[in-house]
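The values are calculated or read from the model by the stated rules, or taken from the named source; none is laboratory data. Please read these numbers as outputs of a predicted model, since none were measured by experiment. Quick reminder, even Gly has a Cβ in these numbers, built from the backbone with ideal geometry, and neighbours come from all protein chains shown.
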Amino acid sequence: MPLNPTPLFELERLHFAYSRRPVLNCQRLELPAGQAIAFVGPNGSGKTTLLKLLNGLVGPYQGTVRFAGRPLPGNAELRRRSVYVHQHPVLFAGTVRSNLVYALKLKKFRGRELEERLQSAAQRLGILELLDRTAPHLSGGETQRVALARALAIGADVLLLDEPTSSMDRASDLALRDILITLKKDGLSLLFSAHDDSLVAGLADLVCLFDQGKPEPLVPAGEHYR
């Protein structure tokens, strides 16, 4: 019996448009839990839009989208477990610590539990030494790590990542790749868009190719590069 018989996300007869311009058309797609799934395809093919839609950030749409077996609209489990991380994450102007504290307080964490979650996430993402630095003084790679720490601190185990290593220097790129590989090994579900073949080959278990707004059936990453 499969370890995860219920797909993480299920899409059926999905249609989404911006101002009557079709952006996504998908007859059926299942995205399993506990996998790193790469969305690949040219710019404008619908990758980022689908990531946002899966997190409930865009709509309305036609068709059905389920998360953990339940319809997306009003799905409290989705709100609790998933976070969309923008290609260029936005942080508040205060310190890294204050950014993490704010996110934790929004989720009603307080006192010792808040501090334990903050410290654990900061250590996991290697940003302990950044906690007192202000957001405007962070590099792109550091900002991305803070955004991921913010997601992990509040308990997210489904990360929807838009071009997570774009516009980074080589050292930051490699450091973030190692972190994402570790998160995958820890059992998190990673859905990410990418143009970088080396990132896809090194991180993805499965690949979903997008063609003019139509996501194709998943294929193992190894088959995608044959």
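Data for the structure
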read-out	value
Residue ID - nearest to Ala151 (Cα to Cα), chosen from residues in region 87-110 that are under 19 Å from the mean Cα position of the chain (by Cα) and surrounded by fewer than 17 Cβ atoms within 10 Å (Cβ to Cβ)	Lys107
Test result for Asp162, of a type in the set (Asp, Glu) and either surrounded by 23 or more Cβ atoms within 10 Å (Cβ to Cβ) or within 15 Å of the chain's Cα centre (by Cα) (or both)	yes
Within region 153-183, tally of residues that are touching a Leu at 6+ places or on another chain (Cβ under 7 Å), of a type outside the set (Val, Ile, Thr) and under 24 Å from Leu57 (Cα atoms)	9
Filter result for the condition that a residue is more than 30 Å from Met168 (Cβ to Cβ) and among the hydroxyl-bearing types (Ser, Thr, Tyr), over Ser19, Ser98	Ser19
The one condition in (1) at positive phi; (2) out of contact with any helix residue (DSSP H, G or I) (no Cβ under 7 Å at 6 or more places or on another chain); (3) not basic (Lys, Arg) that Gly56 fails to fulfil	(2)
Candidate set from region 191-216 (those that are more than 21 Å from Glu12 (Cα to Cα) and either in contact with a Phe, Trp or Tyr (Cβ under 7 Å, 6 or more places away or on another chain) or hydrophobic (A, V, I, L, M, F, W, C) (or both)); member that is surrounded by the fewest Cβ atoms within 10 Å (Cβ to Cβ)	Ala201
Test: residue in region 129-136 that is surrounded by fewer than 20 Cβ atoms within 10 Å (Cβ to Cβ), part of a helix (DSSP H, G or I) and modelled with pLDDT of 95 or more	yes
Pairs, first under 16 Å from Ala156 (Cα atoms) in region 105-132, second assigned to a loop (DSSP other than H, G, I, E, B), C-beta under 8 Å, six or more apart	Leu106/Ile154; Lys107/Ile154; Lys107/Gly155; Phe109/Ile154; Arg117/Phe109; Arg117/Ile154; Arg117/Gly155; Ala122/Leu131
Residues satisfying the stated conditions in region 202-226, i.e. under 20 Å from Val158 (Cα atoms) and out of contact with any strand residue (DSSP E or B) (no Cβ under 7 Å at 6 or more places or on another chain)	Gly202
Checklist (1) buried (at least 20 other Cβ atoms within 10 Å of the Cβ); (2) of a type in the set (S, T, N, Q); (3) farther than 19 Å from Glu163 by Cα applied to Thr48, failing item	(3)
Lone qualifier among Gly187, Gly126, Gly155 - being at positive phi, surrounded by fewer than 16 Cβ atoms within 10 Å (Cβ to Cβ) and more than 18 Å from the chain's Cα centre (by Cα)	Gly126
Conditions (1) without any contact (Cβ under 8 Å) to a residue 12 or more places away in the chain; (2) surrounded by fewer than 12 Cβ atoms within 10 Å (Cβ to Cβ); (3) not small (Gly, Ala, Ser): number failed by Pro71	(2)
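Here's the yes/no breakdown for (1) out of contact with any strand residue (DSSP E or B) (no Cβ under 6 Å at 6 or more places or on another chain); (2) surrounded by fewer than 20 Cβ atoms within 10 Å (Cβ to Cβ); (3) β-branched (Val, Ile, Thr):
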| position | (1), (2), (3) |
| --- | --- |
| Pro22 | yes, yes, no |
| Asn25 | no, yes, no |
| Leu29 | no, yes, no |
| Pro32 | yes, yes, no |
| Phe39 | no, no, no |
